[in-house]
Amino acid sequence: MAGEIDHERGDASYHKFYQSGGWRYSFWKEYWWHRRNVVKRFGLTRGMDMLEIASGCGFHTNLFNRMGFSCVGVDRSRQGIAWAQDNYPKREFHCCDIRNMPFERASFDVIIARGCSHYHYDLMDDLALNTTATMANFLKPNGVFIMIIVTNLSGSREPDAVWHNTLDAYRSHFSSFGLQWSVDWVDGMAISALRNTAIPKKESIGLGEATVPVSAQIIRPQSTPTTAQPTNA
C-alpha cells in the first residue's frame, strides 16, 4: 500500500546496526542530560523500578542503573540484546516484543522509551496508540511512562524517512488515555509523559487568571528527587 511504513525493513537495518554496538554515546553527556531532563523533570528517585523499552545495545539501561535506578532493558533485536548482555553483564535484558514482555502488570515506577520506532511515524495509528496503552498497563499507580524522540517539529512526512511530528501531534496522542500527561521539547527532542493517575472529569485547573481543562494537565514532579550520582555497580 502506498505510504505504508515498512517496519520489518526498519528492524533489519537496526539488527545490522546493533551488531557493531549501535550508537556511540558520551557517558557524562548522557548522564547530565537525563539527570536534568528526566530525573529532575519528573521527580524520579533512586531505587525506583524502571523499564527501558527499545533498549538497543543497552547503553541507557546501564546508565539508569548507574544513576541508582533498578532498570531492566527489553528489545526485540537479538543482536542488540546480545551486545548488551556481553557488554553490561550485571544488567538484566530480555529479547522480546513489547506485546509479550515477561513481567507482571503494574511492575514499574518508570518506563522509558528513547527513540522507539513506534513513535517515529503516525502517532494516532494503532501501533503507537497500542504501545502507549500497553506501557500504561505495566505502570504502578502514579508511575510514569516517558517517551523521548528526535523531532524538528516541522510535521514533515517524507517517504523513506522518519516523520518529524509536531507538538500538537504528541499532545493529541498522549491526551487520548484519560491520564495525566505532558509534552515538551528540549534540545531537538520531544519529551512526552503519561502518568498512571486518572484525570477527574468535568474539573479544571486554575493557572493565575486563566483556566484550562484538566485534560491538558501538565505532570508535575511528585516528590523532591534524590540527587542521582553514578555508581560503579
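Every read-out reported here was derived from the displayed coordinates using simple, explicitly stated rules and does not represent laboratory data. Quick caveat, the model's predicted, so the values are computed rather than measured. Positions of Cβ are generated from backbone atoms using ideal geometry, with glycine treated the same way; all protein chains shown enter the neighbour counts.
In whole Hz, with x marking every Gly and Pro, tabulate ³J(HN,Hα) for segment 84-91 from phi via Karplus 6.51 cos²θ - 1.76 cosθ + 1.60, θ = phi - 60°.
After applying 6.51 cos²θ - 1.76 cosθ + 1.60, I find 4, 5, 6, 9, 10, x, 7, 9 Hz.
Place a +1 charge on the Cβ of each Lys and Arg in segment 27-216 and a -1 charge on the Cβ of each Asp and Glu, then give the dipole magnitude about the Cα centre in debye, rounded to the nearest 20.
Numbers: 20 positive and 19 negative charges, 127 e Å.
In total the dipole reaches around 620 debye.
Placing +1 on the Cβ of each Lys and Arg and -1 on the Cβ of each Asp and Glu in segment 42-163, which of Met124, Ile112, Thr151 has its Cα farthest towards the positive end of the resulting dipole?
About the Cα centre, the residue reaching furthest to the positive side is Ile112.
Taking N as the number of residues in segment 70-144, what is its alpha-carbon radius of gyration divided by 2.2 N^0.38 Å?
1.15
For Arg24 and Leu167, what does the FRET efficiency come to when R0 = 25 Å and r is the distance between their Cβ atoms, rounded to the nearest 0.05?
FRET efficiency, Arg24 to Leu167: 0.30.
From the phi angles alone, apply the Karplus equation (6.51, -1.76, 1.60; θ = phi - 60°) to segment 151-156 and give each ³J(HN,Hα) in whole Hz, x where the residue is Gly or Pro.
Rounded to whole hertz, the list is 7, 9, 6, 6, x, 5.
Among Val74, Asn87, Phe27, which residue has its Cα positioned farthest towards the positive end of the charge dipole of segment 27-91, with +1 placed on the Cβ of Lys and Arg, -1 on the Cβ of Asp and Glu, and the dipole taken about the Cα centre?
Ranked along the dipole, the leading option is Phe27.
If you build the convex hull over the alpha carbons only and average its shadow over all orientations, what do you get for segment 27-216? Give it in nm² to one decimal. Numbers along the way, then the final one.
Working: hull surface 46.8 nm².
Mean projected area for segment 27-216: 11.7 nm², to one decimal.
What percent of all Cα-Cα pairs in segment 135-190 falls into each 5 Å bin, going from 0 up to the bin containing the maximum distance?
In whole percents, the pair-distance histogram is 4, 17, 26, 21, 16, 11, 5, 1.
HN-Hα J couplings of segment 44-51 from phi, Karplus 6.51/-1.76/1.60, θ = phi - 60°, integer Hz, Gly and Pro as x?
Ordered by residue, 3J(HN,Hα) equals 7, 10, 3, x, 4, 7, 10, 10 Hz.
Sorted by packing (mean other beta-carbon atoms within 10 Å per residue), highest first, where do 56-64, 79-87, 29-37 land?
Result, highest mean Cβ count within 10 Å first: 56-64, 79-87, 29-37.
Out of residues 5 or more away from Ile112 or on other chains, whose amide H comes under 5 Å of its own, with H placed 1.01 Å from N in the peptide plane?
Leu51, Glu52, Ile53, Ile146
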